[in-house]
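Asks: Encoded as structure tokens, here's the structure I'll be asking about.
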Amino acid sequence: MLARRNPQLNAHGELIHLLSIEGLPRAVLTQILDTAGTFLSVNDRDVKKVPLLRGKSVFNLFFENSTRTRTTFEIAAKRLSADVINLDIAKSSASKGESLLDTIANLSAMHADMFVVRHGESGAPYLIARHCAPHVHVVNAGDGRHAHPTQGLLDMYTIRHYKKSFNELTVAIVGDIVHSRVARSDIHALTTLGVPEIRAVGPKTLVPGDLREMGVRVCHDMREGVRDADVIIMLRLQNERMSGAMLPSAGEYFKSFGLTEDLLARARPDAIVMHPGPINRGVEIDSRVADGSHSVILPQVTFGIAVRMAVMSILAGNDA
């Protein structure tokens, strides 16, 4: 029986959709990171455009609220010279009961070339990718608790930019891991890129036990979790996805798992601190850390534009 082909890759192993980091070979991840590096200089030009997507139509379909992700995707597409259409879901036919696939079919009839999709249901971008026309590419901008691949990739770009290599790193991912699609994407990427020690740090209610099966070290003590870490990735508490009281209070959480200067001192002297945003100061992270010399939170945003340019340009260059 033939193995099922990865729906993100064509018969030649080239990327045609970006739905998840899970299952992508290291060579594809490296290609994206290398390509992103070539786009960083575009940010410094007087005219911040390259013609790689000229004549292409990119539809941003955000069924969940987003500012940072949607804006950086829009900037990335426009810098590639694409025509960008932001669909206001709250005022679209979807709000009147139209099915997701009917929405996609109608937009495809408008000659869409790429869909950037954020959806509250895990797997929605996969469904779209299975039913869209062969020439249309789908990028997952976050689906449910499942995946956020471009955030994972920009996190990897940030780590490689500051640490040069993944081979000897200790990376601590701290916070609400059970609800975090970013954490899942980061773990898959770090594993594929050869990071030897990945730690998941947080309270028992917010760290899934099955991470150990992926080779991740689970820590329920913050001091142990950040000790000698090269990279600390702080996560936002996903209050909108929690069911019931999973924490005593935000204040109690900060006392146990908020990143302070004292805790940061337990990491390596050249450790970097990351956060996918938006930041809850005084809940996940102290302001002195978020704004301090170890923080690379704002560079992450800048790198995110280049990474999303890379993804879209690679997809546009590959056929199904």
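Asks: Given a 1.4 Å probe and every protein chain left where it sits, what share in percent of the accessible area of the chain is carbon and sulfur?
Replies: Accessible surface attributable to carbon and sulfur in the chain totals 49 percent.
Asks: Given axes a ≥ b ≥ c from the Cα gyration tensor, I'd like to know whether region 138-238 is rounded (a/c under 1.5), prolate (a/b larger than b/c) or oblate.
Replies: Cα axes put region 138-238 in the oblate bin.
Asks: In addition: Rounded to whole Å and sorted largest first, what semi-axes of the equivalent ellipsoid does the C-alpha gyration tensor of the chain yield via the square root of 5 times each eigenvalue?
Replies: For the chain, the ellipsoid semi-axes come out as 33, 22, 19 Å.
Asks: Please label the shape of region 230-320 as rounded, prolate or oblate, based on the square roots a ≥ b ≥ c of the eigenvalues of the alpha-carbon gyration tensor (a/c under 1.5 means rounded; beyond that, a/b larger than b/c means prolate, else oblate).
Replies: Note, shape of region 230-320 comes out oblate.
Asks: Trypsin sites (Lys or Arg not before Pro), restricted to region 14-62: which are DSSP loop and have at most 14 other Cβ atoms within 10 Å?
Replies: Listed in order of number, the matching sites are 45, 48, 49, 54.
Asks: Between residue 227 and residue 41, what is the FRET efficiency for a Förster distance of 41 Å, r being their Cβ-Cβ separation, to the nearest 0.05?
Replies: 0.60
Asks: What longest range of the chain stays clear of loop-exposed GluC sites (Glu not before Pro) (DSSP non-H/G/I/E/B, at most 14 other C-beta within 10 angstrom)?
Replies: The longest such stretch corresponds to 169-320.
Asks: Per the helix-only calculation at 222 nm, which mean residue ellipticity applies to the chain, given -39500 (n - 2.57) for every DSSP H run of n ≥ 4 and division by its residues, nearest 500 deg cm²/dmol?
Replies: -10000 deg cm²/dmol
Asks: Work out how much length residue 261 to residue 301 would gain on full extension: take 0.36 nm times their residue separation and subtract the Cα-Cα distance, in nm to one decimal.
Replies: In short, 12.1 nm is gained.
Asks: Net charge near residue 135: determine it from the other residues with C-beta under 13 Å of the C-beta of residue 135, scoring Lys and Arg +1 and Asp and Glu -1.
Replies: Net local charge, residue 135 excluded: -1.
Asks: Then there's this: Run the 1.4 Å probe and let me know the accessible area of residue 181, rounded to the nearest 10 Å².
Replies: Near enough 20 Å² of accessible area.
Asks: Give the aspartates and glutamates whose C-alpha is closer than 12 Å to that of residue 56, dropping any in the same chain fewer than 8 places away, or say none.
Replies: Residue 56 reaches 83, 113.
Asks: Can you give the FRET efficiency for residue 5 and residue 281, using 1/(1 + (r/R0)^6), R0 = 41 Å, r = Cβ-Cβ distance, to the nearest 0.05?
Replies: Working from the Cβ atoms, E equals 0.35.
The values are calculated or read from the model by the stated rules, or taken from the named source; none is laboratory data. On a predicted model such as this, the values are computed, not experimentally measured, just so you know. When we count neighbours, we look across all protein chains shown, and the Cβ atoms used for this are built from the backbone with ideal geometry, even at glycine. Note: accessible area is taken over every heavy atom of the protein model, side chains too, but ligands, DNA and RNA are not part of it. Shrake-Rupley method; radii C 1.70, N 1.55, O 1.52, S 1.80 Å.
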